[in-house]
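Below is one structure; the comments refer to it alone.
Bear in mind these aren't lab numbers, they're just calculated from the coordinates by the rules spelled out. Just so we're clear, the structure is a prediction, and the values are computed from it rather than from any experiment. Cβ placement follows ideal geometry from the backbone for every residue including glycine, while neighbour counts extend to all protein chains displayed.
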Amino acid sequence: MVYTLAELARLTATELVGDGSFEVSELASLACAVPTSLSFLSNDTRRSELESSEAGAVVVSPAVAGDIDRGLISTDPYRTYAELSILFDAKGIPFDQGIHPTAVIDDTAVIADDVSIGPSAVIGRDVVVGAGSVIGPNVTVYPKTFIGLDCHVGASTVIGYDGFGFAKSSEGWIKIRQLGGVVIGDDVEIGAGCTIDRGALDDTLIEDGVKLDNQVHIAHGCRIGMRTAMAGYVALAGGTVIGSDVTVGGMTGFTGHLSVCDKVHIGSNALVTKSITVPGAYLGGAGGVMRAEDWRKSAVRFRQLDAMARRIKALEEQLDVKTKDS
C-alpha cells in the first residue's frame, strides 16, 4: 500500500510539511526507517533521534515542527501513528473473511452480517455476535454470551466457561452451578488466550471500548467499565468491579469483591487487596498498592534501611558505653 504524504495528511487531519507528492510505502520506527518510510516522534525529549534517522517523513508535534523538512504535524503524534497503522495494515485478519468451514456454530446462535469466524472456533447455544466482529481461530464461546459490534477476539480465547465456584461440605466440594452469562459491549478487543468466566448469578460485564491484552483472566461476575485497558497476565478474582478509563499494568492481580473507581492507573506486578476510591496512579507489590507518590517515598526509604540500621546500631553502642560509664 502506497500513499502520498498529502493523502495521509487529509486522512489523519494533520498539517502537511514539505512535498505532498512524496510517496510513503510503509510505517517504521526512527531507528529502522528507510527513505520511503514514514516514522513518528511521540516524545519531544527524544528529538535528537531525528538526526540519525533515514525516514523520508516524520510525524511530530508542533514543538518539533522546525526540525523536519517533510512530514505531518499532529497535536498527538502517537494517536496519529495509531490511525496510520490502520491504513497500512495490509494483512488484516489471519484468515479469509466470513465463517471458516471448520467453525462449529450452534443452530440457535445469532451471527450478524459482516462477522468473521476463524478455523476451529466453537460458538455455543444462544450466543449473539454483533456485526463487524472477528472471532479468531480456536476460540470457544459458551452459551449465554453476547458479543457486541466491531469486537475482536484473539485466538484460543474462552468466553463464558464456568467460574471457579465451590462450596465445602463434609463429603468434599460441591460445585456451584454458574447460572449467569457474559455480556461484551461494542469495540472491545480481547487478546489471544484470554479467559472470561460466566457469572454465578449476575452476568460478567465488559463495557464498550475495553482492551484486554493476551492471557488476561476475568473471573465470574466481574464488571469492567468503558475504555479500560489491561496488559498481559492481569487476573481479576470473582466479583471485582473496575471503573471506566482505568489502565492496569501487566501481572497485576485483584483479590476479588472489591472496586476500583474511574480514572485510575495501577502499575505492573501489583496486588490489589482493597477498593480504590480516589482517582490517580497507584503502585505496589504483593503487600498491596498505594498512591504512586507514597510508594516512591517508601521505595527510597527501603533502599536506605541498611544505612539506617548501621546508624542505629552505632548509636546503641554509644548509648551502651555511656550507660556503663555512668
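Could you list, in sequence order, all residues of the stretch 57-70 that are more than 16 Å from Thr80 (Cβ to Cβ) and either touching a helix residue (DSSP H, G or I) at 6+ places or on another chain (Cβ under 7 Å) or not in a helix (DSSP H, G or I) (or both)?
Matches in the stretch 57-70: Asp67, Asp69.
Just one of Val289, Val272, Val260 is buried (at least 17 other Cβ atoms within 10 Å of the Cβ) and closer than 22 Å to Asp208 by Cβ; which is it?
Testing whether each residue is buried (at least 17 other Cβ atoms within 10 Å of the Cβ) and closer than 22 Å to Asp208 by Cβ leaves just Val260.
Go through the stretch 74-99 and give me each residue that's free of Cβ contacts under 8 Å to residues at least 24 places away in the same chain and either assigned to a loop (DSSP other than H, G, I, E, B) or over 26 Å from the mean Cα position of the chain (by Cα) (or both). Write out each step before concluding.
Taking the stretch 74-99 and keeping what is free of Cβ contacts under 8 Å to residues at least 24 places away in the same chain, we get 75-76, 79, 82, 86, 89, 91-92, 96-99.
Across the stretch 74-99, the qualifying residues are Thr75, Asp76, Asp89, Lys91, Gly92, Asp96, Gln97, Gly98, Ile99.
Check Val183 against each of (1) in a loop (DSSP other than H, G, I, E, B); (2) within 16 Å of Arg223 (Cβ to Cβ); (3) of a type outside the set (Lys, Arg); (4) in contact with an Asp or Glu (Cβ under 8 Å, 6 or more places away or on another chain) and name the one condition it does not meet.
Just one mismatch for Val183, condition (1).
Here's the yes/no breakdown for (1) part of a helix (DSSP H, G or I); (2) in contact with a helix residue (DSSP H, G or I) (Cβ under 9 Å, 6 or more places away or on another chain):
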| site | (1), (2) |
| --- | --- |
| Ala9 | yes, no |
| Asp19 | no, yes |
| Ser29 | no, no |
| Cys32 | no, no |
| Pro35 | no, no |
| Ser42 | no, yes |
| Thr45 | yes, no |
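Checking Leu205 against (1) assigned to a loop (DSSP other than H, G, I, E, B); (2) out of contact with any His (no Cβ under 8 Å at 6 or more places or on another chain): exactly one of these is not met. Which one?
(1)
Does Ile68 meet the test of being buried (at least 19 other Cβ atoms within 10 Å of the Cβ) and of a type in the set (A, V, I, L, M)?
Yes, satisfied.
What's the number of the only condition in (1) touching a residue at least 24 places away in the same chain (Cβ under 8 Å); (2) surrounded by 20 or more Cβ atoms within 10 Å (Cβ to Cβ) that Tyr282 fails to meet?
Unmet condition: (1).
Restricting to the stretch 33-52, name every residue that is polar (S, T, N, Q) and either in contact with a strand residue (DSSP E or B) (Cβ under 6 Å, 6 or more places away or on another chain) or crowded, with 20+ Cβ neighbours inside 10 Å (or both).
Ser37, Ser39
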